[in-house]
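The values are calculated or read from the model by the stated rules, or taken from the named source; none is laboratory data. Predicted, not measured: the structure shown is a model, and the values here were computed from it. Positions of Cβ are backbone-derived with ideal geometry, glycine not excepted, and every protein chain shown enters the neighbour counts. Protein only, heavy atoms only, side chains kept; ligands, DNA and RNA dropped before computing areas. Shrake-Rupley method; radii C 1.70, N 1.55, O 1.52, S 1.80 Å.
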Amino acid sequence: MLLRQSSLRKGFEALLSPFVEWLIARRVHPNALTTVGTLILVGASVAFGTGWVRLGGTLLLVSGVFDMLDGRVARAGGAETKFGAFYDSTLDRIGDAFLYGGISLYFVSGAVPAWLVAPGIVVGLVALAASLIVSYARARAEGLGLECKVGIAQRAERVLLLGVPSLFFGAGAQSILLFSIVFLLALTSTVTVVQRIRHVYKITRRTARNTQVRHAPPALAEFTGKGRGSDRFN
């Protein structure tokens, strides 16, 4: 479920190309796009929190467009900087905190049946925590020089999964639909955390094994079939 590798994402990016060129021609800074996108996401959280679920879904999807634009403008316009990457990642986390906070507030406000209030808060907190850890796991792995883009629920998938149903169907009867979506987000984000931990474990274990073989004594290297004398065992 890697949207970034799908034909859908490629097609959407092709649609955005004229806007990217237009923004670059007018020297719009990527950090400005990041800021505007985050403000829109904060607006989405307010909309969710106050019961305007369809508006919240709309604003969430619009913020997702800005999230795609800022990176593309930075790359195509030669404006990539370390601060820009840090700023983008940090504001994404701030936006997530507001978004799930707004949804949890909506659940508390009596939008769901009384028996779903506590579970609603729990799934909202789990979805928030898992989404933050998903991003942290990738950042930490990349800080160690490791690639870590695996997982069934990356940011783009989470935005679409919450934004599209909210836009077209609202919260659903007694807000059961919105609760179910947040529950699914909490579940898939948690699975993604596990996938990334497992992925990094495999990489580091394989690297450690190769390092041990390279630094093994000649006799041991020959025994393992990795040394110069390995042909005698074939």
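Quick one: accessible area per residue over the chain, 1.4 Å probe, rounded to a whole number of Å²?
Accessible surface, normalised per residue, equals 57 Å².
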Seminar exercise, completed: Taking R0 as 30 Å and r as the Cβ-Cβ distance between ILE152 and VAL122, the FRET efficiency 1/(1 + (r/R0)^6), rounded to the nearest 0.05, comes to 0.90
For this session: Mind jotting down the distance between the C-alpha centroids of the stretch 75-113 and the stretch 51-67, whole Å?
Result: 12
Exercise. About the Cα centre of the chain, what is the dipole size in debye to 20, counting +1 per Lys and Arg Cβ and -1 per Asp and Glu Cβ, all else neutral?
Worked result: 900
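Only Cα pairs under 8 Å and at least 6 apart count here; give the relative contact order of the stretch 18-138 as a rounded whole percent.
Working: 121 pairs, mean separation 36.5, N = 121.
Dividing the mean separation by the residue count of the stretch 18-138 yields 30 percent.
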For this session: Compute the long axis of helix 53-76 from its Cα atoms, compare it with the longest principal axis of the Cα atoms of the chain, and write down the angle in degrees, 0 to 90, nearest 10.
Result: 40
For this session: Treating each Cα of the stretch 41-85 as an identical point scatterer and ignoring solvent, apply the Debye formula and state log10 I(q)/I(0) at q = 0.17, 0.23, 0.26 Å⁻¹.
Result: -0.55, -0.71, -0.79
For this session: Quote to one decimal, in nm, the extra length available between LEU15 and GLU80 on full extension: 0.36 nm per residue of separation minus the C-alpha distance between them.
Result: 21.2 nm
For this session: Obtain the nm distance between the two label points defined at ALA32 and TYR136 by a simple spin-label model: each point lies 7 Å from its Cα along the Cα-to-C-beta direction.
Result: 3.4
For this session: Report the accessible area of THR35, computed with a 1.4 Å probe over the heavy atoms of all protein chains in place, in Å² rounded to the nearest 10.
Result: 50
Problem set entry | Relative contact order [Cα under 8 Å, 6+ residues apart], the chain, whole percent | 22
Exercise. Given the rule -39500 (n - 2.57) for each run of at least 4 DSSP H residues, summed and divided by the residues of the chain, what is its mean residue ellipticity at 222 nm, to the nearest 500 deg cm²/dmol?
Worked result: -26500 deg cm²/dmol
Exercise. Mind checking the angle between helix 176-214 and the chain's longest principal axis? C-alpha axes, 0 to 90 degrees, to the nearest 10.
Worked result: 20
Seminar exercise, completed: For GLU80, other-chain or 5+-apart residues with amide H closer than 5 Å (H placed, Pro excluded) are none
For this session: Note down the nm distance, to one decimal, between modelled labels 7 Å out along Cα→Cβ at ARG205 and at SER180.
Result: 3.7
Problem set entry | Percent carbon-and-sulfur accessible area, the chain, ignoring ligands, DNA and RNA, probe 1.4 Å | 67
Exercise. Can you count the Lys pairs in the chain with C-alpha separation below 27 Å, eight or more apart or on different chains?
Worked result: 5
Problem set entry | Semi-axis lengths (Å, descending) of the ellipsoid that matches the C-alpha gyration tensor of the chain | 41, 25, 14
